[in-house]
Amino acid sequence: WDDADFSRGVGTTFYQEFLTLNTVKPPFVRDVEEKVRRYLRSSYSAAWTLKITWEKAPAHTARTDTRRTVTYQAILTTDGFRSYILMLYQDGGMQWDYTKLAATNVLIGYT
């Protein structure tokens, strides 16, 4: 998912699970469903959704620089047949200094 380094006590990771089969859906899940419907132009009703948040995460090189952090989320959702992932990044994008990372092929998103 990432190349973050939480070893210096900077940043955190947390998650929230939403089981929504046969229950009232919270606004967050309704928003995810709406995004899937809008972007994929298909009907969708979530049975399960998982939101993972990396908050103020420093890059793997945090031993030398913990000032540049980034907040991002991965939202996994399924209706039991189809599964989707939404990847969300803070306004302003990636704040890590990618020139100091071990890998030179840094990518926001997935491949």
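The values are calculated or read from the model by the stated rules, or taken from the named source; none is laboratory data. These numbers were taken from a predicted model, which means no experiment stands behind them. When we count neighbours, we look across all protein chains shown, and the Cβ atoms used for this are built from the backbone with ideal geometry, even at glycine. Note: areas computed on protein heavy atoms with side chains; ligands, DNA, RNA excluded. Shrake-Rupley method; radii C 1.70, N 1.55, O 1.52, S 1.80 Å.
Assorted remarks:
- Matching residues, the range 1-21, being acidic (Asp, Glu) and either open to solvent by 100 Å² or more (accessible area, probe 1.4 Å) or free of Cβ contacts under 8 Å to residues at least 60 places away in the same chain (or both): Asp5, Glu17
- The residue that is modelled with the highest pLDDT, counting only those in the range 46-65 that are over 20 Å from Asp31 (Cβ atoms) and either open to solvent by 50 Å² or more (accessible area, probe 1.4 Å) or among the aromatic types (Phe, Trp, Tyr) (or both), is Lys56.
- Evaluation of Ser42 against (1) on the phi < 0 side of the Ramachandran plot; (2) surrounded by 12 or more Cβ atoms within 10 Å (Cβ to Cβ) (one fails), failing number: (2)
- When Asp91 is tested against the conditions (1) modelled with pLDDT of 95 or more; (2) part of a loop (DSSP other than H, G, I, E, B), the lone failure is (1).
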